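The values are calculated or read from the model by the stated rules, or taken from the named source; none is laboratory data. Not measured: the values here are computed from a predicted model. Cβ sites come from the backbone with ideal geometry, for glycine too, and all protein chains shown count toward neighbours. Protein only, heavy atoms only, side chains kept; ligands, DNA and RNA dropped before computing areas. Shrake-Rupley method; radii C 1.70, N 1.55, O 1.52, S 1.80 Å.
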Amino acid sequence: MRFVLYNIRYGTGDAAFILPWAGYMKRTLKTTHRISSFLKGLAPDIVGLVEVDSGTFRTGGTHQAEVIASELGHFHAYESKYEESRVTRFLPVLRKQGNAFLASDSIKDARFHYFDRGIKRLVIELDLQDITIFLVHLSLGAAARHHQLGDLFDMVKGCRRPKIVAGDFNVPFGHREMKLFKAAANLESANTENLPTFPSWTPKLELDYVLYSEGIKPAGFSVPDVGLSDHLPLVFDFDVDDDNG
């Protein structure tokens, strides 16, 4: 199977901007279609998308997960990054920002959890026939992020199936910051060379991770050099042990 993780930056592209956050206001339809074309060329079975726009002025009111899923011939599951009770859920633009799974097989069981710390709190848990995949986008703040990692550990340890835990972990110290979480959760990184994923134009930081458990056999990994976002995508090929099927 092939899993692709990609923080697509709401389709706003890869350029750096002088004014903070200015790039997030760009129109995105052309880049969204370019992302679809890129992903289609990878022929993924499952895609985890971080920073998805579900219908602001940037996309002309279209839902990026729906557009990309349609162009790939995939099913999708999307949710806002912010809890319904949070003020951010009601603010223009912010309330339309979330994460999504795309899958070539129908999605029958996707569950949405929220951490109790941080601004970005969403965890999507997707059950497929043989595996469970968790998709996250952790907090920029160190204290909140460490609290979220503790809660994520509890979720992961409670899952008895072969699993993948993937997302933008926002860890400025990369694998050094992830070391304890991986060891406690008994997970390995698909990125064995600790290749950086951010920023895409001159990668220096390893912010994005695909972690996997026992029962999953890695068959290939790459970080394509593509300038469609400020993050680079991760491509993980794997098999599931027959004993777990």
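Starting from residues that are within 22 Å of LYS163 (Cβ to Cβ) and not hydrophobic (A, V, I, L, M, F, W, C), keep the ones in the stretch 211-224 and report whichever is surrounded by the fewest Cβ atoms within 10 Å (Cβ to Cβ).
Ranking the candidates gives GLY220 first.
Tell me, please, whether a residue that is open to solvent by 10 Å² or more (accessible area, probe 1.4 Å), aromatic (Phe, Trp, Tyr) and farther than 22 Å from LEU49 by Cβ can be found in the stretch 113-126.
no
Scan the stretch 190-210 residue by residue and report those that are among the polar types (S, T, N, Q), within 19 Å of the chain's Cα centre (by Cα) and surrounded by fewer than 19 Cβ atoms within 10 Å (Cβ to Cβ).
Selection gives THR192, ASN194.
Being modelled with pLDDT of 95 or more, more than 30 Å from LEU29 (Cβ to Cβ) and out of contact with any His (no Cβ under 8 Å at 6 or more places or on another chain): is that true of GLY245 here? Please lay out each step first, then the result.
Details: modelled with pLDDT of 95 or more: no; more than 30 Å from LEU29 (Cβ to Cβ): yes; out of contact with any His (no Cβ under 8 Å at 6 or more places or on another chain): yes.
So GLY245 fails the test.
For ASP105, which of the numbered conditions (1) open to solvent by less than 60 Å² (accessible area, probe 1.4 Å); (2) within 20 Å of ALA65 (Cα to Cα); (3) over 16 Å from the mean Cα position of the chain (by Cα) fails to hold?
With (1) open to solvent by less than 60 Å² (accessible area, probe 1.4 Å); (2) within 20 Å of ALA65 (Cα to Cα); (3) over 16 Å from the mean Cα position of the chain (by Cα) applied to ASP105, the lone miss is (1).
Within the stretch 198-221, is even one residue under 30 Å from HIS33 (Cβ atoms), free of Cβ contacts under 8 Å to residues at least 60 places away in the same chain and touching a Gly at 6+ places or on another chain (Cβ under 6 Å)?
yes
Is it true that some residue in the stretch 225-244 is of a type in the set (Asp, Glu), within 16 Å of ALA166 (Cβ to Cβ) and surrounded by fewer than 22 Cβ atoms within 10 Å (Cβ to Cβ)?
Yes, the conditions are met somewhere in the stretch 225-244.
Would it be correct to say that HIS76 is modelled with pLDDT of 95 or more, assigned to a strand (DSSP E or B) and open to solvent by 50 Å² or more (accessible area, probe 1.4 Å)?
Considered against the rule, which asks whether it is modelled with pLDDT of 95 or more, assigned to a strand (DSSP E or B) and open to solvent by 50 Å² or more (accessible area, probe 1.4 Å), HIS76 comes out as yes.
Considering the stretch 163-189 alone, what residues qualify as being part of a loop (DSSP other than H, G, I, E, B) and open to solvent by less than 10 Å² (accessible area, probe 1.4 Å)?
Within the stretch 163-189, PHE169, VAL171, GLY174, LEU187 qualify.
What are the pairs with Cβ atoms under 6 angstrom where one residue, in the stretch 164-192, is within 11 Å of LEU207 (Cα to Cα) and the other, located anywhere, is open to solvent by less than 10 Å² (accessible area, probe 1.4 Å) and of a type in the set (D, E, K, R)? Sequence gap at least six, or different chains.
These pairs meet every condition: ASP168/ASP208.
So which of THR56, THR62 ends up being on the phi < 0 side of the Ramachandran plot, touching a strand residue (DSSP E or B) at 6+ places or on another chain (Cβ under 9 Å), open to solvent by 30 Å² or more (accessible area, probe 1.4 Å) and of a type in the set (Ser, Thr, Tyr)?
THR62
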